[in-house]
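The values are calculated or read from the model by the stated rules, or taken from the named source; none is laboratory data. Bear in mind the structure is a predicted one, so any value in this text is a computation, not a measurement. Cβ placement follows ideal geometry from the backbone for every residue including glycine, while neighbour counts extend to all protein chains displayed. Note: areas computed on protein heavy atoms with side chains; ligands, DNA, RNA excluded. Shrake-Rupley method; radii C 1.70, N 1.55, O 1.52, S 1.80 Å.
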Amino acid sequence: MGIDKLKAKRHTWRIPEKTLFLVSIFGGSAGTWAGMYLFRHKTKHWYFVAGMPAILVVHIVIYVSLNSIFAR
């Protein structure tokens, strides 16, 4: 998020939104969500404001589920 925010300020080539979502889906949801508010980037896009926390919740549910299965 920080890099994309810097690129936006400099009016240079941007990181595609699809890439930001893929990073989040493949394990970076907490960092992506924190980066949104730390850098004040993509916070006006409803699909980021709703999507990033939703992905984080899914990651937490998967983690807790797997942890309870393998902890037995």
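Tabulated data
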quantity	calculated
Every residue from region 1-18 that is among the charged types (D, E, K, R) and either part of a helix (DSSP H, G or I) or farther than 19 Å from LEU38 by Cα (or both)	ASP4, LYS5, LYS7, LYS9, ARG10, GLU17, LYS18
Region 20-64: number of residues that are hydroxyl-bearing (Ser, Thr, Tyr), open to solvent by 30 Å² or more (accessible area, probe 1.4 Å) and in a helix (DSSP H, G or I)	3
Pairs with Cβ under 6 Å, 6+ apart, first in region 6-18 and within 21 Å of GLY51 (Cα to Cα), second among the acidic types (Asp, Glu) and open to solvent by less than 90 Å² (accessible area, probe 1.4 Å)	ARG14/ASP4; ILE15/ASP4
Failed item, numbered, when ILE3 is tested on (1) β-branched (Val, Ile, Thr); (2) open to solvent by 60 Å² or more (accessible area, probe 1.4 Å); (3) free of Cβ contacts under 8 Å to residues at least 12 places away in the same chain	(3)
